[in-house]
Structures are given as structure tokens and as C-alpha cells.
Amino acid sequence: MEFIKHTIQWCKGEIFEGKMVLLFGILFLIISLSFWKFGTTPNAKASIIPVLVVALLHIGTGVSMIINNRNRQNQYTVEFNANADNFKKSEIERTENFIKWYPKLRYFSLGLIITGFLLVALITTPMWRSIGLCIMITAFSLIIIDYFSEERAHHYHSILISKK
């Protein structure tokens, strides 16, 4: 397979992941609107805004992933056609740089999960408990997103290294 096809395949994987993140955001938007429309308990009412924030973060992230990676497909093709060797070198450097971030993001997500759990466990105010739950939801979604993204990144990077 020609080298650029691997790059495009990586972008397509990121686009698919962006669509899943967007879908998750839309689901949380529906949940937030349901709390607003049908929620009668203090916890349901307190969850409207935090769940809406989670929804908007996921919708924004998903749309951004889709748009950016569609644009990158064209940009990468142009860069590859202009100078394949420089493109390969820059891709190796780029992947090495962002692969280093995955372990740090796991620790960050763990910190968010602990923070969210402490809010839920130690504070009885419905708003803060809802915020704690939403922090944990966001952290778990980061873990899921990064799990697949990291796998794709390592696979793509190994292809880059093997095609030097």
C-alpha cells in the first residue's frame, strides 16, 4: 500500500472516532433536555447544566475531530505529493510528540475520576454531586477516546518507522 494511504486511513479512523464522540454528545444533549423537561427531583434539576456542558464539550470535540481530519486528508496528500521524504520525516516527528502525551492523559483522567468521585461521595449538594458525576463521565470518555486513538497512533507510527 502506498504510504499516503496509511496516513489517509489514520485520518479516517480519527473521523470515525469524532463521529462517535459527536453521537455521545448528542445523547447527553438529549439527556440534559430530558432532565429540563421531565426532571422533578433536586438531583435531576441540578443535572441540567452540568450534563449540558458535557454534551457541548463532546459535540464540539466531535465536530472538531471530523472537520480537522477531513482538512488534514487534503493537506497531507498535497504535502506528500510535494515532497514524500520530508512528509514522512515530519509525520514521524509529529507522531512521536503526541504519543508521549497518552500516559500523561491517563493520569489526568484518573485525577478527574478521583476528583469527581470525591465530590459525589463527600458533598451532599445536588449541584456539586452532579458536577462530580459529569467530571467522571468526561474522564471516562477521555479514557475511551484515548484508548482507540493511542492504538491507532502506535499502529500508524510503526508503519511510518517501517517505511523509512
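Tally the residues that are assigned to a helix (DSSP H, G or I), basic (Lys, Arg) and either touching a Lys or Arg at 6+ places or on another chain (Cβ under 8 Å) or free of Cβ contacts under 8 Å to residues at least 24 places away in the same chain (or both), restricting the search to segment 93-109. Steps first, answer last, please.
Within segment 93-109, the first condition is being assigned to a helix (DSSP H, G or I), and the residues that meet it are 93-99, 101-109.
Subset that is basic (Lys, Arg): 94, 104, 106.
Next, from what is left, pick out any that are either touching a Lys or Arg at 6+ places or on another chain (Cβ under 8 Å) or free of Cβ contacts under 8 Å to residues at least 24 places away in the same chain (or both): 94, 104.
Number satisfying all stated conditions: 2.
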Legend entry - Filter pass, residue 59 being surrounded by 16 or more Cβ atoms within 10 Å (Cβ to Cβ) and either modelled with pLDDT under 95 or under 28 Å from residue 150 (Cα atoms) (or both): yes
Inset, instruction - Could you please find all residues in segment 134-147 being open to solvent by 40 Å² or more (accessible area, probe 1.4 Å) and touching a helix residue (DSSP H, G or I) at 6+ places or on another chain (Cβ under 6 Å)? - result: 135, 137, 142, 143
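The values are calculated or read from the model by the stated rules, or taken from the named source; none is laboratory data. Everything numeric in this text was worked out from a predicted model, so none of it was measured. Because the Cβ atoms are built from the backbone with ideal geometry, glycine has one as well, and the counts that use them run over all protein chains shown. Heavy atoms of the whole protein, side chains included, go into the accessibility calculation; ligands, DNA and RNA do not. Shrake-Rupley method; radii C 1.70, N 1.55, O 1.52, S 1.80 Å.
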